[in-house]
Amino acid sequence: MATPTLRNFVPPQHDAQGLGREIYALIEELYPICRSITGDGFRQTLRRIGQEIPLAVHEVPSGTQVFDWTVPKEWNIRDAYVKNARGERIIDFHKHNLHLVSYSAPLHRKMSLRELEPHLYSLPEQPDLIPYRTSYYNENWGFCLPHRQRLELRDEEYEVCIDSTLQDGHLTFGEYLVPGSSSEEILISCHACHPSLCNDNLSGISVATHLAKHLAGAELRYSYRFLFIPGTIGSITWLSLNENRVDRIRHGVVLTCVGDRGGFNYKKSRRGDAEIDRAFTHVLRQLGRPSAIHEFSPYGYDERQYCSPGFNLPVGCLMRSPHGKFPEYHTSGDNLSLVDSASLGDTFNLCMAVFHLLENNRTYLNLSPKGEPQLGKRGLYGSIGGRDVKTSELAMLWVLNFSDGGHNLLDIAERSGMAFGLLAEAAQALSAKGLLREVQ
Ligand code: ZN
């Protein structure tokens with residue numbers, strides 16, 4: 001059986017730039033939708049993803065107990081505004097969905113500025129941006145606006161309307177399994193519960209969708225499970241429903257904030273030395289560009305749930321600029337200009353390189369271990385496509401020396417400092433000449 005390579009995954013016509021443009025185009029389409037942790041905006045988002053990949057959509061009823069949490073009531077929003085005394089909409093949900101605090105309870109009445117004030121949110125330090133606020137787990141309401149606008153509000157009577165429903169319904173999530181030859185899985189998870197925010201939310205969704213689309217055509221060893229879930233409650237719900245199946249997950253990554261122009265940041269799983277942690281570390285080092293590896297902390301995205309001590313799954317988190325560390329984070333500044341197709345295509349390629357490593361990280365046994373086998377007489381000099389003879393020979397020597405059954409190719413890559421891809425090609429060449437045998 002042929003060992004899958006990156007070439008199997010990425011058909012040559014799909015260059016990173018072209019792909020980046022496709023990934024960006026999906027973000028553009030999803031941007032106007034008002035998503036939340038439940039409701040029709042989330043469903044509409046899944047329907048659009050479902051046009052790219054055959055997504056299974058699950059509905060979990062409100063009130064369902066999931067570990068220490070309860071699936072909340074479903075929230076749906078049609079309209080929300082604040083009108084001034086002249087009847088003008090001075091804050092309008094239809095102009096920007098960030099204007100409304102997510103999960104705001106229904107309301108329609110007149111009030112003074114003094115009554116309205118405690119329900120307004122703005123950013124004095126970033127006076128032109130609308131902040132993103134939520135109130136999922138205690139019933140409340142509120143509006144978000146640029147601080148500059150807030151300072152201009154006069155003491156007059158306002159009409160406040162929130163045409164929402166907050167009632168028993170469902171929590172919705174999407175799931176897609178790309179089957180490989182093994183039932184062992186790689187989990188790719190992203191939250192899809194933020195409204196009009198591009199980097200935090202839509203970048204992960206669109207990169208994951210396109211990864212799924214491309215993996216679906218490849219010859220794979222692992223099965224790849226893609227999850228599109230509401231943050232926190234979604235991963236807790238999924239874990240609760242799949243508790244007896246999580247032992248299939250061999251590697252996993254949460255994708256978020258992967259579309260901006262910053263360098264890569266990878267946060268390790270709680271285990272710290274999982275193969276996925278080592279794979280990202282190796283591939284990022286080989287890229288030779290500024291990037292950072294972070295130790296696990298129990299703060300961040302859904303890796304918090306996958307890495308809770310009762311599961312301790314090998315799941316890390318890939319970001320470009322980390323959450324909370326870029327000024328546009330959770331504001332209207334996280335819009336279509338913050339993300340770009342080159343960065344999105346670049347993230348896609350990084351993920352593919354890591355999957356390629358995991359697919360090909362095998363352990364071999366040197367079948368001629370007494371002294372170095374003679375490479376020349378087997379025609380192995382310069383046999384690795386496009387590399388100079390010295391580099392190819394060095395890669396073969398490293399693979400031969402450490403293929404004692406106790407080291408896999410990633411071990412050898414870490415020890416030698418050579419690129420994994422080169423060692424994998426050396427192993428293929430050596431196997432073809434009968435010098436190596438794969439150890440199961
Ligand atoms: Zn967020």
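The values are calculated or read from the model by the stated rules, or taken from the named source; none is laboratory data. Everything numeric in this text was worked out from a predicted model, so none of it was measured. Glycine gets a Cβ as well: all are built from the backbone with ideal geometry, and neighbour counts include every protein chain shown. Heavy atoms of the whole protein, side chains included, go into the accessibility calculation; ligands, DNA and RNA do not. Shrake-Rupley method; radii C 1.70, N 1.55, O 1.52, S 1.80 Å.
Data for the structure
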{"item": "Which listed residue, of Asp273, Asp302, is under 30 Å from Glu243 (Cα atoms), free of Cβ contacts under 8 Å to residues at least 12 places away in the same chain, among the acidic types (Asp, Glu) and out of contact with any Asp or Glu (no Cβ under 8 Å at 6 or more places or on another chain)", "result": "Asp273"}
{"item": "Count - residues of region 103-139 that are over 27 Å from the mean Cα position of the chain (by Cα) and β-branched (Val, Ile, Thr)", "result": "0"}
{"item": "Test set (1) within 16 Å of the ligand (Cβ to nearest atom); (2) in a loop (DSSP other than H, G, I, E, B); (3) surrounded by fewer than 23 Cβ atoms within 10 Å (Cβ to Cβ) - Cys257 fails condition number", "result": "(3)"}
{"item": "Any helices (runs of 4 or more DSSP H) falling wholly within region 123-241 and containing at least 1 residues that are within 16 Å of the ligand (Cβ to nearest atom), open to solvent by less than 30 Å² (accessible area, probe 1.4 Å) and modelled with pLDDT of 95 or more", "result": "204-215, 233-241"}
{"item": "Any hit, region 327-342, residues being over 30 Å from Ser122 (Cβ atoms), in contact (Cβ under 8 Å) with a residue 12 or more places away in the chain and in contact with a Gly (Cβ under 7 Å, 6 or more places away or on another chain)", "result": "yes"}
{"item": "Where a residue in region 41-70 is touching a residue at least 40 places away in the same chain (Cβ under 8 Å) and its partner, wherever it lies, is open to solvent by less than 80 Å² (accessible area, probe 1.4 Å) and small (Gly, Ala, Ser), with Cβ under 6 Å and at least six apart", "result": "Thr45/Ala192; Leu46/Gly174; Ile53/Ala212; Leu55/Gly174; Val57/Gly174; Ser62/Gly169; Val66/Ser240; Phe67/Ser240"}
{"item": "Filter result (among the charged types (D, E, K, R) and farther than 24 Å from Phe355 by Cα) within region 162-184", "result": "Asp163, Asp168"}
{"item": "Residues located in region 424-440, provided they are under 16 Å from Leu358 (Cα atoms) and either assigned to a helix (DSSP H, G or I) or within 29 Å of the chain's Cα centre (by Cα) (or both)", "result": "Ala424, Glu425, Ala427, Gln428"}
{"item": "Subset of region 81-98 that is surrounded by 15 or more Cβ atoms within 10 Å (Cβ to Cβ) and of a type in the set (Lys, Arg) - its residue that is nearest to Glu117 (Cα to Cα)", "result": "Lys83"}
{"item": "Test result for Ile233, more than 26 Å from Phe420 (Cα to Cα) and among the aliphatic types (A, V, I, L, M)", "result": "yes"}
